[in-house]
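J.: First the structure, then my questions, so here it is.
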Amino acid sequence: MLTTFNSMLEMMREAPDEQSAIDHFTAIRWKNGAFCPHCNSDRIYCFSDQRTHKCGHCRKRFSIRVGTIFEDSKLPLRTWLLAIWLITSHKKGIASTQLAKDLGITQKSAWFVLHRLRYAAQTRSFNRPLSGEVEADETFIGGEQMNKHSWQRTGGKQSGK
Ligand SMILES: [Zn+2]
């Protein structure tokens with residue numbers, strides 16, 4: 001389900017800017033209908049900025065990222081979509097250094113992106129992990145030693161993001 005585009009060109013066409021990337025992800029996340037990430041109500045209102053939603057039940061405002069692996073990331077959704085495409089097209093895995101270069105982000109961010117997307121691939125969902133679940137589990141990134149940079153191999157932990 002993580003493979004959202006067949007090619008780089010298709011991605012560029014479908015998500016030429018951040019808003020269309022948001023729209024694209026919204027369509028995936030709400031393919032069975034809009035719902036509130038706080039109370040699951042389906043009484044959702046959309047603001048005219050097309051990015052903010054409000055729940056008619058609990059009255060909370062939220063973006064489509066709330067409750068997903070993207071929630072606490074500052075990276076644009078478009079960068080995430082591109083990362084998904086890059087990762088799924090590198091069947092043997094992609095190093096965080098390469099991903100950082102391709103996306104124009106820091107290696108630390110790239111490592112976080114890889115970590116989160118691997119979690120999403122495992123759970124087949126974009127739902128956010130329970131607090132601490134990903135970062136606490138070192139075996140999560142096991143099995144791909146060759147793709148890891150030395151500071152990760154030696155157990156370098158990500159502190160804050
Ligand atoms: Zn609600």
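J.: Among the residues of the range 88-105, write down those that are at pLDDT 90 or above and not in a loop (DSSP other than H, G, I, E, B). Give the derivation first.
T.: Here is the first cut: in the range 88-105, the ones at pLDDT 90 or above are 94-105.
If the condition is that a residue be at pLDDT 90 or above and not in a loop (DSSP other than H, G, I, E, B), then S96, T97, Q98, L99, A100, K101, D102, L103 are the ones that fit.
J.: Another question, if that's okay. Residues to consider are G104, G93, G56; find the one that is small (G, A, S) and within 16 Å of the ligand (Cβ to nearest atom).
T.: Values: G104 fails: within 16 Å of the ligand (Cβ to nearest atom); G93 fails: within 16 Å of the ligand (Cβ to nearest atom).
Among G104, G93, G56, only G56 is small (G, A, S) and within 16 Å of the ligand (Cβ to nearest atom).
J.: I69: crowded, with 17+ Cβ neighbours inside 10 Å and under 12 Å from the mean Cα position of the chain (by Cα), yes or no?
T.: Details: crowded, with 17+ Cβ neighbours inside 10 Å: yes; under 12 Å from the mean Cα position of the chain (by Cα): yes.
It is true that I69 is crowded, with 17+ Cβ neighbours inside 10 Å and under 12 Å from the mean Cα position of the chain (by Cα).
J.: Within the range 1-44, can you find the residues that are surrounded by 12 or more Cβ atoms within 10 Å (Cβ to Cβ), hydroxyl-bearing (S, T, Y) and free of Cβ contacts under 8 Å to residues at least 60 places away in the same chain?
T.: S20, T26, S41
J.: Please give the number of the condition K108 fails out of (1) at pLDDT 90 or above; (2) surrounded by 14 or more Cβ atoms within 10 Å (Cβ to Cβ); (3) in contact with a helix residue (DSSP H, G or I) (Cβ under 7 Å, 6 or more places away or on another chain).
T.: For K108, the failing item is (3).
The values are calculated or read from the model by the stated rules, or taken from the named source; none is laboratory data. Fair warning: this is a prediction, and the values are worked out from it, not measured in the lab. With ideal geometry, Cβ positions are generated from the backbone for all residues, glycine too; neighbour counts draw on all protein chains shown.
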